[in-house]
Amino acid sequence: MAQGMTRRDMLRAGAGAVAIAGGTALTAPAVHAQATTTLRCGFWDHWVPAGNGIMRELCAEWGRNNRVDVQVDFITSVGNQNLLTIAAQAQARSGHDILSFPTWEPSAHARLLEPVDDIVGRLIGKYGPINPTAEYLAKREGAWRAIPAVSGSQHKPSLARFDLLQEHAGLDVRAMYPAEDRAGPGVDQWNWATFLTAAEKCAAAGFHFGLPMGSFTDAVDWVGAFFRSHNAKFIDENGQVTVRRDPGVRAGLEYLVRLARFLPNDVWAWDDASNNRALISGRSALIFNPPSTWAVAKRDAPAVAEKCWTFPMPAGPAGRFTPYLPYFWGIWSFSRNKTAAKGLLEFLSDRTSADRQTTTSSGYDIPPFGSMSNFDIWRTEGPPTGVVYNYPLKPHHQAQQSIAFAPAPAEIAVQAYNQAINTKLVARVAQGGETIDQALTWAERELRNFARG
Amino acid sequence: MSASGATMTAGRTEGVTSLQRFTRRRSTIAFLMTLPLIAVIGGLVVYPAGYAMYLSTLNRRMTEFIGLEQFAILLDTDTFWMVIAQSCIFAVSAVLLKALIGFWLAHMLHDIPAKGQRKWRGMLLVPWVIPPALSTLGWWWMFDPSYSSINYLLNVFAVPSVPWLGEPWWARTSVIIVNVWYGAPFFMIMYLAALKSVPEQLYEAAAIDGATGFQRLRYVTLPMMRNIISITVLFSLIVTFANYDIVRVLTNGGPRDLTHVFATYAFQVGILSGNVPRGAAVSLFMFPLLAIFAFFVLRGVTRRNKEES
């Protein structure tokens, strides 16, 4: 300006610069420029308090670099507030640009979600394949409708008191699954038959396995993984109800009725917190849960936490399956900022961002890529150090993720899942006194009606 | 009549437009003044109800009109028949208990001298004032499957633990207990107001005739309270049938769906399971049942009013 540039020239030059920057808003970092786009995001309100902070931080960082004003809301899943928000925005065709979708929601709202094959393709190119369960839940009519999220996605493997299992059931789970990339002695015997014996012995010693059998997700998830490991299909991939003639369902049901005898007699009314309390209070020897239970124990009952260990689920005739409950990040088709939204989601899914999310959540968040199962946090977290080393699936676990009622078409499976048909099937026989045939007939009729209309 | 006719004639002759005549009519003004209320009712009652009816005629994906198919599917579902039965058991028994307890409490309060009555009235109203979702959470802690404080007290007296929420009949009893605890004060306050409006002379006349306490209740109190009892029972039945929070917080419909009522089942089917049309059909199912009941109750009230006037 001092060198002869007039005020008018300066304004003209500034306007030109803004026009150029506007055209390349997502690629050209312009730290000092004003944001031109506002992106509204509704992320899941994380159980781990710091989990929200890292999302806010990552969004702000990306927004600064890309001149986008990213507004972040955190929507709780308590009282199913997030489901109500999704349903309301879908009806109104208005709301956030990006939302966190719980497990079954991407398929429920597939027609209203912007396909994200371009981002997923690039991510797969960089990090390898996404696990098949996430693909089953997010892919509709050949297109990815949402991106499997890091924040909020969880596994529910075995989380047990290693001292109690060793003392009463003779199982040294730390030796079987050490905090290293190798399997120890006895892993080949870690199956549902061994599990039943251990459950019986621990129950006899007064430390029942804390396995919920109600209608909440913890119950449906572990029972779903159990049936999957018996190759049991309630409904096949074509939507045909197979529950009554499937030998895996019958065999699994007989087993679970036997197992129920060694569980606390109130498991039929347990919610998702009951199993946590059972372990933390020292009453239970084993539950199936993410490390959040251990994290609470570390705060409230350190003596219990120090004796906890996470390791894979028992194997069944069809293999080893771990309950998996992923979240997804989706972009509404009525969003006005799809390009910016895609840019943000790609950034949140890259390895560095995923590592930061998982680390901040003390290892709770599970990325969808197998190649991301080696973050430092899982090795270092403790006490005992390595307690969550085996929380993500590692190649030597020889396990796969599972979601109950897959591979049924998602619009039928979601109804069976949320109405807990698998645990009610067990409850009808074990608690209600029905015969296996009566219970299977009931399940068949319910499932058929889910497919109608 | 003749005056308004003259005005209208004069209006026509003096060049008043038909619009001006229309706006000057009493019915028009009345309509305009009630318009805000009509708009509120239309927006908050008629539209949602109409939309729910429309939704219930769609298929699961909400892309196709399928008439009453969702209702037919529901009637073919064992769980839904269970929900109908449970909703009736829950609503009828809870309303009956609330009415009896409310009636008894109202009499107790009525007999307390005016000076101390206000204090008791306030205390007895507390359950009704606390938001039910919050108070139910308190009850849930008392009924908790593993750490029930009630069971703790029972154990102190060597009474075995009760599976409050784990055993179907106990779970049903638990939700009814909480609903009665919450709703009885409403009956109490309504009946107390009705009791206070019964003329004292009627009791004096009954006493002169040598009526016993029961006869005074049977021939004086109950006939004088008949309308308020009917209206209160009707109102409570509607609210109890539509109850959501108590069952949702306490049992989530379990065990084995044996405590689900219409509202909780509708939420599970419609929102959680992603089948909004069928959820709408579930929630609409109680509408005809309640409409028939309301018709008979209100007809009885109107008849009695006519007889009395």
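FYI, it's all coordinate maths here, none of it is from the lab. Being a predicted model, the structure only gives us computed values, none of them experimental. Every residue, glycine as well, gets a Cβ built from its backbone with ideal geometry; the counts of neighbours run over all protein chains shown.
Quick notes on this structure:
- Order of A:Leu84, A:Leu279 under a 10 Å beta carbon neighbour criterion, fewest first: A:Leu84, A:Leu279
- Restricting the trypsin sites (Lys or Arg not before Pro) of segment A:255-348 to loop positions (DSSP other than H, G, I, E, B) with no more than 16 neighbouring Cβ atoms within 10 Å leaves A:Arg261, A:Arg283, A:Arg336.
- Taking 0.36 nm per residue of separation and subtracting the Cα-Cα distance, full extension of the segment from B:Phe295 to B:Ile238 would add 19.3 nm.
- Less than 5 angstrom separates the built amide H of A:Arg320 from those of A:Gln400, all sequence-distant by 5 or more or on a different chain.
- Calculated FRET value between A:Ala88 and B:Val46, using beta carbons and R₀ = 22 Å, to 0.05: 0.65
- By the helix-only formula, in which each DSSP H run with n ≥ 4 contributes -39500 (n - 2.57) and the sum is divided by residues, chain A has a 222 nm mean residue ellipticity of -12500 deg cm²/dmol.
- Between B:Leu202 and B:Glu307, the FRET efficiency from the beta-carbon distance, with R0 = 22 Å, is close to 0.80.
- Order of A:Ser153, A:Ser284 - criterion: other Cβ atoms within 10 Å of each residue's Cβ, fewest first: A:Ser153, A:Ser284
- Going by neighbour counts of Cβ atoms within 10 Å, the residues A:Thr358, B:Thr77, B:Thr28, B:Thr63 line up, fewest first, as B:Thr63, B:Thr28, B:Thr77, A:Thr358.
- Close amide H contacts of A:Asp69 (hydrogens built in the peptide plane, cut-off under 5 Å, sequence separation of 5 or more or a different chain): A:Thr36, A:Thr37, A:Thr38, A:Leu39.
- From phi via Karplus (6.51, -1.76, 1.60), per-residue ³J(HN,Hα) for segment A:190-207 in Hz, x at Gly/Pro: 7, 10, 5, 5, 4, 4, 5, 4, 5, 4, 5, 5, 5, 4, 4, 8, x, 10
- Each helix, a run of at least 4 DSSP H residues, gives -39500 (n - 2.57); summed and divided by the residues of chain B, these come to -24000 deg cm²/dmol at 222 nm.
- For B:Gly166, net neighbour charge (Lys/Arg +1, Asp/Glu -1) across residues whose Cβ lies under 13 Å away: -2
- Cleavage-rule hits (trypsin sites (Lys or Arg not before Pro)) in segment A:83-190: DSSP loop, at most 15 neighbouring Cβ within 10 angstrom: A:Arg93, A:Arg182
- Taking the C-alpha atoms only, the angle from helix A:49-66 to the longest principal axis of chain A is near 30 degrees.
- With eigenvalues of the C-alpha gyration tensor scaled by 5 and rooted, segment B:79-308, Å: 36, 25, 14
- Normalised by 2.2 N^0.38 Å, where N is the number of residues, the C-alpha radius of gyration of chain A stands at 1.08.
- Rounded to 5, the percent of DSSP beta bridges in the protein assembly as shown classed as antiparallel: 60
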